[in-house]
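No lab work stands behind these numbers, since they all come straight from the coordinates. Quantities reported herein were computed from a predicted structural model and do not represent experimental measurements. Here the Cβ positions follow ideal geometry from the backbone for every residue, glycine too, while neighbour counts run over all protein chains shown.
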Amino acid sequence: MMPDLGKYGDTVLSAYAVSIVLLVIMVALSIRASRKARAELQKIEGRRNG
């Protein structure tokens, strides 16, 4: 199933692993920032409307 990467197998697989970890971290940070911004916006709008 997995192609033979020869002597570069460890390097390629570790690069994939690092890339996946970084993507997961970036998505998590984006979601966190979005929630924070949404909460702040609701707080500001609530102050303005009522």
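Once you have the Cα-Cα distance between residue 5 and residue 33, take 0.36 nm times their residue separation minus that, and quote the gain in nm to one decimal. Kindly include the intermediate steps, with their values, before the conclusion.
Working: separation 28, 0.36 × 28 = 10.08 nm, distance 3.87 nm.
Between residue 5 and residue 33, full extension yields an extra 6.2 nm.
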Once both axes come from the Cα atoms, what is the angle between helix 9-49 and the longest principal axis of the chain, in degrees from 0 to 90, rounded to 10?
0 degrees
Given the Cα atoms of the range 6-49, and with Rh set as the inverse mean 1/r over their pairs in the Kirkwood sense, what is Rg to Rh to two decimals?
1.47
The extension gain from residue 48 to residue 17, computed as 0.36 nm times the residue separation minus the Cα-Cα distance, is 6.5 nm
Using the Cα centre of the range 6-49 as origin and beta-carbon charges of +1 (Lys, Arg) and -1 (Asp, Glu), tell me which of 26, 42, 15 is placed farthest towards the positive end of the dipole.
42
